[in-house]
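J.: Below are the structure tokens for one structure; questions will follow.
Here, each number is a calculation from the coordinates, and none is a lab measurement. Just so we're clear, the structure is a prediction, and the values are computed from it rather than from any experiment. Positions of Cβ are generated from backbone atoms using ideal geometry, with glycine treated the same way; all protein chains shown enter the neighbour counts.
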Amino acid sequence: MMWGLPYVFGPSILILLPALALAIYAQWKVRSTYSRYARVESERGVTAQSAALRLLEIAGIGDVTIESTSRRLSDHFDPRRKVLRLSAPDSTSIAAVGIAAHEAGHAMQQARAYGPLALRSAIVPIANFGSQLAFPLFLIGLIAQAQPLIIAGIALFSVAVLFTLVTLPVEFDASRRAVGALRETALVSEEELGAVKEVLFAAALTYVAAAAMAALQLVMLVSAGRRR
């Protein structure tokens, strides 16, 4: 919608170009890195599901279940249902084991009452609501010259931006916990741990790109709103 309305946002729309370039690079990086290490089997021969179960066990977490999901690279932890979903639970590849460990890291965060995770979970409904209504309200406000609608659109989108920013420490901390737990349990060798870090860093780039895009979109909205 934004790209189809350059006359509304004017030259300020150009500020999105760096974030767009970063997003394209991040998507390429995560897919290429995952594909590379998805072909490298772990020396210990541990599966992604077994690794996740082991990490949950040593963390004293017994109320999280593991399910499979058919979508590639759709691994995630659902804190509300306490379900860890893996796209390749039976894989023994470095990529699959690293991602499973990362998702187990999220379960560790919940078990330890990690603040940023609790905040992110709390603002999910508002962020989803805001991301859907922010631009329609903003555009209607511009067309109708209704300042309250413009402000409402910016405010709602600000919550969505906050969500992407809070996500950054959550994701980086989950990776830190994953690497530490894998080293502690010796489920992978030190050399393989370097490969795991590459996979997790590539995945983290997608969140950095999303945060950058959201922040610059907010700047664009504020700039367009002030001009009108």
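J.: Give the peptides 124-133, 214-223 in descending order of average Cβ contacts within 10 Å, highest first.
T.: Values: 124-133: 15.0, 214-223: 17.8.
Taking the mean over residues of other Cβ atoms within 10 Å, the ranking is 214-223, 124-133.
J.: Compute the signed sum of charges (Lys and Arg +1, Asp and Glu -1) over the other residues within less than 14 Å, Cβ to Cβ, of residue 99.
T.: Numbers: positive: 31, 36, 71, 72, 85, 177, 197; negative: 75, 90, 103, 171, 192, 198.
Net of charged neighbours comes to +1.
J.: Moving to a separate point now. Using bins 5 angstrom wide from zero, how does P(r) for region 148-228 break down, in % of all Cα pairs?
T.: Distribution as computed: 3, 14, 18, 14, 12, 10, 8, 7, 5, 4, 2, 1 percent.
J.: Another question, then. Any idea what the dipole of the chain comes to, in debye rounded to 20, about its Cα centre with Lys/Arg Cβ at +1 and Asp/Glu Cβ at -1? Could you put the intermediate results ahead of the total?
T.: Working: 21 positive and 16 negative charges, 159 e Å.
The calculated dipole for the chain is roughly 760 debye.
J.: Expected output is a single nm value to one decimal: the length gained when fully extending between residue 39 and residue 140, i.e. 0.36 nm times separation in residues minus the C-alpha distance. What is it?
T.: Details: separation 101, 0.36 × 101 = 36.36 nm, distance 5.03 nm.
Stretched fully, the residue 39-residue 140 segment lengthens by 31.3 nm.
J.: How far is the Cα center of region 134-195 from the Cα center of region 30-44, in Å?
T.: If we compute the Cα centre of each part, the gap is 25 Å.
J.: Which label belongs to the value computed from this structure, given these candidates for Rg and Dmax of the Cα atoms in Å: (1) 20.2, 64; (2) 19.5, 82; (3) 21.0, 75?
T.: Checked against the structure: label (1).
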